[in-house]
Amino acid sequence: MSNFPHVETFENISELESYLQIMKNMVCEVEGLSELDHGLQTAYELELMSPEDKELQIAGLLHDIAHQQCHIRDHEQYGARMLEKVMPIRIRELIAQHANAKRYLVSVNKTYYDKLTPTSRSSFEDQGGLMSDSEIKAFEQHELRDDLIKVRVADDLAKTPGRKVHDIEYWLNDLRAVAI
Ligand SMILES: [Fe+2]
């Protein structure tokens, strides 16, 4: 990762919370949806899928934390590094691998590609494109495989401008509870 620009690592949860407030004003790939809205909708979908799994839900909230920080190809690795002092390894790994979950789903299910948004389609090649057979096998053996797929499915469902879901204040206790 030597080609990475300087990574702004959050020193504590307060810094992360302040950044989440800033994300309210960052425009997402979908018009009318902020980067924070997208994270909130992803966390909400994961709460519906796995109500007890707060780490999974917070991973959804934070998965695109680095979207505005770097080239699309690196945003998942960059995001995990931004969180290395404040979030546990499972959450960071779910974030670091979330683009691979998309690559996996496209690689094993050709119709999945057709359902992607235009932006998601255009970033697909940049993110590595189709997986090789060995990459597919490695992904299937990943211990977080099922959770990674959940994050990706939730990500796909989290692109509706104006949708009412829990606001950021709802998640702050959980954010602090899972923090390291
Ligand atoms: Fe996303």
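Give, as a single signed number, the net charge of other residues whose beta carbon lies under 12 Å from the beta carbon of Gln68, with Lys and Arg counted +1 and Asp and Glu -1. After counting each charged neighbour, the total is -4. Counting neighbouring beta carbons within 10 Å and listing from fewest to most, the residues Val178, Val27, Val106 come out as Val27, Val178, Val106. Fully extending the segment from Leu130 to Lys85 would add 13.0 nm, taking 0.36 nm per residue of separation and subtracting the current Cα-Cα distance. Of the peptides 52-60, 154-162, the order by per-residue mean of other Cβ atoms within 10 Å, starting with the highest, comes out as 52-60, 154-162.
Cross-linked pairs Lys24/Lys164; Lys110/Lys137; Lys54/Lys150; Lys85/Lys159; Lys85/Lys164: Cα-Cα separations exceed 20 Å for Lys85/Lys159; Lys85/Lys164. Computed over the stretch 13-178, the quotient of the alpha carbon radius of gyration and 2.2 N^0.38 Å is 0.97. Other residues lying with their Cβ under 13 Å from the Cβ of Ala179 contribute a combined charge of -1, Lys and Arg counting +1, Asp and Glu -1. Normalised by the number of residues in the stretch 36-180, the mean separation of alpha-carbon contacts (under 8 Å, six or more apart) gives a relative contact order of 35 percent.
Each value in this text was obtained by applying a stated rule to the coordinates, not by laboratory testing. A quick note: this is a predicted structure, and the numbers were derived from the prediction, not measured. Cβ atoms come from the backbone with ideal geometry, glycine included; neighbour counts cover every protein chain shown.
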